[in-house]
Amino acid sequence: MVTPEYNNTIPAALKNTIDWFFDEWAAKPVAFVSYGGMSGGLWAVSHLRHVFTELHAVPVRESLLFHQVWRKFDGDRPRNGEETEVAAKNLLDRLVWWADALRTARAARPYQR
């Protein structure tokens, strides 16, 4: 899930989109990439963790935040490419682990709310 941060939370359009799909989120992993000012979208991610937990999704702990995003990129590439690459790899590795584990669990026993 990629989100900017507006007024210390997520954009209304994103929340509406998440709510539109309800059953699809159950027992699925979710990871977050966010951007914004000083917090880098940390508040938005915090709110999304609660939202997805209520939808029975599994938010992964790792996230990728871009603080003061306008200073962090040179065109379409991050200025600290190596750090960003390591953080992105950790996030994706964790997301894949949870996706495999949850897929196996859902196959063995369908998830019911």
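Return yes when GLU5 is out of contact with any helix residue (DSSP H, G or I) (no Cβ under 8 Å at 6 or more places or on another chain) and acidic (Asp, Glu) and no when it is not. No, not satisfied. Does GLY41 meet the test of being surrounded by 14 or more Cβ atoms within 10 Å (Cβ to Cβ), out of contact with any helix residue (DSSP H, G or I) (no Cβ under 7 Å at 6 or more places or on another chain) and not basic (Lys, Arg)? Taking the combined requirement at face value, the residue satisfies it. Once the stretch 57-113 is narrowed to residues that are of a type in the set (Ser, Thr, Tyr) and assigned to a helix (DSSP H, G or I), the residue that is nearest to SER34 (Cα to Cα) is THR84.
Filtering the stretch 51-79 to residues that are under 19 Å from PRO11 (Cα atoms) and surrounded by 12 or more Cβ atoms within 10 Å (Cβ to Cβ) leaves VAL51, PHE52, THR53, LEU55, PRO59, SER63, LEU64, LEU65, PHE66, HIS67, GLN68, VAL69.
Every residue, every condition in (1) farther than 26 Å from TRP70 by Cβ; (2) in contact with a Leu (Cβ under 8 Å, 6 or more places away or on another chain), yes or no:
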residue	(1), (2)
LYS15	no, no
ALA27	yes, yes
GLY37	no, no
VAL51	yes, no
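Every residue in the stretch 1-26 that is buried (at least 17 other Cβ atoms within 10 Å of the Cβ), of a type in the set (A, V, I, L, M) and within 20 Å of LEU92 (Cα to Cα), please. Listed by number, the list holds a single entry, MET1.
For the stretch 7-56, the tally of residues that are more than 11 Å from the chain's Cα centre (by Cα), touching a residue at least 24 places away in the same chain (Cβ under 8 Å) and not in a helix (DSSP H, G or I) stands at 15.
Residues that are in contact with a strand residue (DSSP E or B) (Cβ under 9 Å, 6 or more places away or on another chain) and under 27 Å from ARG113 (Cα atoms): does the stretch 62-77 have at least one? Yes.
Values in this text are rule-based calculations from the coordinates and carry no lab data. On a predicted model such as this, the values are computed, not experimentally measured, just so you know. Glycine gets a Cβ as well: all are built from the backbone with ideal geometry, and neighbour counts include every protein chain shown.
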